[in-house]
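**Student:** The structure is given below, and queries will be raised subsequently.
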Amino acid sequence: MKESEQVQILQDLIRIHSANGNEIEVATYLKQLLAEHGIAAQIDEFGDRRANLTAQIGRGSDDRVLGLTGHMDTVAVNSPKSWQHDPFGGEIVGERLYGRGAADMKSGLAAEVLALIELQETGELPNGTVKLIATAGEELGTPGANRLASQGAANELSALVVGEPTGGNVIFAHSGSLNYEVTSTGKTAHSSMPAQGINAITGLVKFIKAESSLFADAPVDPYLGKVQHSVTVIEGGHQVNSIPDTAKLEGNIRPTPACDNQEVAARLNRVIDQINHQTPFHLKLNIFWDYHPISTDPNSDFVQSALQAAQRFFPSPVKTGIINGATDASVFRRQRPDLPVIVLGSDAWDVAHATDEYTTIPAYLATVKTYKQIIGDFF
């Protein structure tokens with residue numbers, strides 16, 4: 001396929017509005033594109049225009065299965081007037097192609113699809129199987145990956161490539177992500193008589209103080225380092241002259257293999273229990289987002305082979321590394337904790353979700369070639 005056609009496909013995807021939904025339109029476009037090149041794809045629609053898509057190629061004489069995964073949704077465009085380029089225009093200026101999802105991650109998704117198409121077109125089918133897994137809702141709740149995991153989509157995988165934006169760097173480990181809510185219950189009273197009440201906000205203050213040192217003695221992971229944690233949302237009180245009887249906060253923690261999700265939850269529960277036993281406040285913990293960290297040996301053949309492929313094709317120097325963001329791999333690996341995973345895609349993590357998000361065309365085209373090389377080397 002000509003490079004201009006590859007670029008046009010990415011522009012087409014960016015022009016489809018799939019901010020936190022509408023994956024069915026992306027999936028329909030990709031199914032038709034794959035069909036035009038002799039590859040059958042399956043769409044699993046699960047209501048409200050949400051959908052996953054899967055497809056595969058290969059001779060099947062080798063029983064190994066290499067997965068390529070990417071999500072079809074994007075984050076929202078909250079302030080379109082602040083963009084200099086139409087967020088859904090796919091505008092090209094110089095080497096940059098602009099638009100919501102250009103980096104995160106319609107470029108990676110398009111490159112995965114194009115890698116399959118080019119291998120199919122040239123007859124360079126691998127002896128094993130390459131499975132494309134395109135998901136819904138990665139940016140908000142991962143309903144697509146959870147649905148696929150429950151259907152066993154990752155059970156047969158031998159390894160997985162996640163096409164998130166990395167600038168060609170081969171990411172062999174990433175943190176998990178655990179979101180929690182703490183609700184504080186006190187007793188209301190007139191603010192002129194605070195002793196007659198129990199200020200629920202003060203209960204949260206006690207938690208925030210304890211949280212600041214909660215992971216000070218946590219083990220440091222050799223790859224991902226220290227656990228990252230923050231209290232990020234707080235709500236409490238309704239009227240300035242009343243002692244509030246309820247208040248709540250939310251926080252985010254990035255678990256590592258050395259201090260995993262189970263240990264993080266245990267530490268949160270211990271501090272909640274301690275405050276409840278030692279003070280008049282009643283705090284309640286609710287964990288509502290629980291994604292696990294990913295780690296693959298950076299010296300493994302899978303990681304090193306991917307690095308060599310990226311070094312061959314990317315226009316700028318690339319290396320192995322880690323990120324603190326989470327991906328759909330956290331969901332797929334829950335049932336397959338031994339699954340080797342790398343994250344590798346076009347430009348770069350720090351432009352994802354940004355105003356005037358972009359990918360560079362040379363890096364996007366290099367990603368297609370890199371995926372093809374990874375597939376060839378894997379089998």
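The values are calculated or read from the model by the stated rules, or taken from the named source; none is laboratory data. Everything numeric in this text was worked out from a predicted model, so none of it was measured. Cβ atoms come from the backbone with ideal geometry, glycine included; neighbour counts cover every protein chain shown. When the accessible area is computed, the model is the full protein with side chains, heavy atoms only, and any ligands, DNA or RNA have been set aside. Shrake-Rupley method; radii C 1.70, N 1.55, O 1.52, S 1.80 Å.
**Student:** Can you tell me which residue in region 281-313 is nearest to residue 108 (Cα to Cα), limited to those that are among the aromatic types (Phe, Trp, Tyr) and in contact with a Lys or Arg (Cβ under 9 Å, 6 or more places away or on another chain)?
**Tutor:** Filtering region 281-313 down to residues among the aromatic types (Phe, Trp, Tyr) leaves 281, 288-289, 291, 302, 313.
Retained after the next criterion (residues that are in contact with a Lys or Arg (Cβ under 9 Å, 6 or more places away or on another chain)): 281, 291, 313.
Numbers: 281: 48, 291: 22, 313: 15 Å.
Taking the candidates together, the pick is 313.
**Student:** Please work out which residue is farthest from residue 269 (Cα to Cα), limiting yourself to region 206-228 and to residues that are assigned to a helix (DSSP H, G or I), of a type outside the set (Gly, Ala, Ser) and open to solvent by less than 80 Å² (accessible area, probe 1.4 Å).
**Tutor:** 208
**Student:** Okay, moving on. Provide a single number: the residues in region 48-67 that are modelled with pLDDT of 95 or more and open to solvent by less than 60 Å² (accessible area, probe 1.4 Å). Give the steps one after another, and end with the answer.
**Tutor:** We begin by selecting, within region 48-67, every residue modelled with pLDDT of 95 or more; these are 48-58, 64-67.
After this cut, where a residue has to be open to solvent by less than 60 Å² (accessible area, probe 1.4 Å) as well, the list is 50-55, 57-58, 65-67.
Count: 11.
**Student:** Looking at region 95-118, is at least one residue free of Cβ contacts under 8 Å to residues at least 60 places away in the same chain and touching a strand residue (DSSP E or B) at 6+ places or on another chain (Cβ under 7 Å)?
**Tutor:** For region 95-118, residues free of Cβ contacts under 8 Å to residues at least 60 places away in the same chain and touching a strand residue (DSSP E or B) at 6+ places or on another chain (Cβ under 7 Å): absent.
**Student:** It is to be established whether one or more residues within region 238-253 are more than 19 Å from residue 288 (Cβ to Cβ), in contact (Cβ under 8 Å) with a residue 40 or more places away in the chain and in contact with a Pro (Cβ under 8 Å, 6 or more places away or on another chain).
**Tutor:** Within region 238-253 (the criterion being more than 19 Å from residue 288 (Cβ to Cβ), in contact (Cβ under 8 Å) with a residue 40 or more places away in the chain and in contact with a Pro (Cβ under 8 Å, 6 or more places away or on another chain)), the answer is yes, since at least one residue qualifies.
**Student:** Same structure, new question: Go through the residues of region 25-46 one by one and say whether even a single one is open to solvent by less than 30 Å² (accessible area, probe 1.4 Å) and part of a loop (DSSP other than H, G, I, E, B).
**Tutor:** Looking through region 25-46, at least one residue is open to solvent by less than 30 Å² (accessible area, probe 1.4 Å) and part of a loop (DSSP other than H, G, I, E, B).
**Student:** On to the next question. Can you report the number of residues in region 257-286 which are within 30 Å of residue 297 (Cα to Cα) and touching a Ser or Thr at 6+ places or on another chain (Cβ under 6 Å)?
**Tutor:** 1
**Student:** Could you tell me which numbered condition residue 268 fails, if it satisfies all but one of (1) open to solvent by 20 Å² or more (accessible area, probe 1.4 Å); (2) modelled with pLDDT of 95 or more; (3) in a helix (DSSP H, G or I)?
**Tutor:** (1)
**Student:** Out of everything in region 85-132 that is among the β-branched types (Val, Ile, Thr) and over 15 Å from residue 344 (Cα atoms), what residue ends up being surrounded by the fewest Cβ atoms within 10 Å (Cβ to Cβ)? Show your work before the answer.
**Tutor:** Step one: filter region 85-132 for residues among the β-branched types (Val, Ile, Thr), giving 92-93, 113, 117, 122, 129-130.
Narrowing further to those that are over 15 Å from residue 344 (Cα atoms): 92-93, 117, 122, 129-130.
Numbers: 92: 15, 93: 11, 117: 21, 122: 9, 129: 22, 130: 26.
Applying the filter and picking the extreme gives 122.
**Student:** May I pose another question? Can you tell which of 200, 195, 189, 159 is hydrophobic (A, V, I, L, M, F, W, C), surrounded by 18 or more Cβ atoms within 10 Å (Cβ to Cβ) and more than 27 Å from residue 262 (Cβ to Cβ)? Steps first, answer last, please.
**Tutor:** Numbers: 195 fails: surrounded by 18 or more Cβ atoms within 10 Å (Cβ to Cβ); 189 fails: surrounded by 18 or more Cβ atoms within 10 Å (Cβ to Cβ); 159 fails: more than 27 Å from residue 262 (Cβ to Cβ).
Just one listed residue meets the conditions, 200.
**Student:** When both residues are 6+ apart or on different chains and their Cβ atoms are under 6 Å apart, which pairs have a first residue that lies in region 212-235 and is farther than 20 Å from residue 183 by Cβ, and a second that is among the β-branched types (Val, Ile, Thr) and open to solvent by 50 Å² or more (accessible area, probe 1.4 Å)?
**Tutor:** Partner pairs satisfying both residue conditions: 223/322; 224/322; 226/220.
**Student:** How do the pairs read when you match residues in region 339-359 that are closer than 21 Å to residue 82 by Cβ with residues anywhere that are outside any strand (DSSP E or B) and of a type in the set (Val, Ile, Thr), using Cβ under 6 Å and keeping only pairs 6 or more apart or on different chains?
**Tutor:** 353/75; 357/351
**Student:** Checking residue 70 against (1) assigned to a helix (DSSP H, G or I); (2) open to solvent by less than 30 Å² (accessible area, probe 1.4 Å): exactly one of these is not met. Which one?
**Tutor:** Every condition holds for residue 70 apart from (1).
**Student:** Return the pairs, sorted by first residue and then second, in which the second residue is among the polar types (S, T, N, Q) and open to solvent by less than 40 Å² (accessible area, probe 1.4 Å), the first residue lies in region 39-56 and is over 14 Å from residue 132 (Cβ atoms), the beta carbons are less than 7 Å apart, and the residues are 6+ apart or on different chains.
**Tutor:** The qualifying pairs are 49/22.
**Student:** Look through 231, 240 and report the one residue that is assigned to a loop (DSSP other than H, G, I, E, B), among the hydrophobic types (A, V, I, L, M, F, W, C) and more than 30 Å from residue 158 (Cβ to Cβ).
**Tutor:** On the way: 231 fails: assigned to a loop (DSSP other than H, G, I, E, B).
On inspection, the qualifying residue turns out to be 240.
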